[in-house]
């Protein structure tokens, strides 16, 4: 799989994501969704703590990627759902511990009304 990360100079600067990620020669596509701060035992991790919950979400994504023999360098798009988008900087700081910050995936963030005991979902 070949990836090309594109950030046209005529678009505004991004905050840790790419405007465009072009994928070619991909033999397979893996979709991972609905990752929340619930551990393998089914318990919520980090009740009320966005940083701890975000770490758990990224660890869950890591497990899902490894199950497909992939890693975060293979991720081309992330969609974040947060109950308080003003806290996105916390999520970005943790995200940057996992992704390739030189060629970050395309990303979107959406504020949602509630996630029932959870603060973020990716």
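Every read-out reported here was derived from the displayed coordinates using simple, explicitly stated rules and does not represent laboratory data. Keep in mind the model is a prediction, meaning the values are calculated, not measured. Glycine also receives a Cβ, built like all others from the backbone with ideal geometry; neighbour counts cover every protein chain displayed.
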Contour excess over end-to-end distance, with Cα ends at residue 74 and residue 7 and 0.36 nm allotted per residue: 22.3 nm
Region 2-121: relative contact order in percent, alpha carbon pairs under 8 Å with at least 6 residues between: 32
Per-residue [θ]222 nm for the chain (sum of -39500 (n - 2.57) over DSSP H runs n ≥ 4, rounded to 500): -7000 deg cm²/dmol
For the chain, average projected area of the Cα convex hull in nm²: 7.9
Mean Cβ neighbour count within 10 Å, used as a protection proxy, ranking 36-49, 53-66, 6-19 highest first: 53-66, 36-49, 6-19
Region 1-61 versus region 84-118: alpha-carbon centroid distance in Å: 8
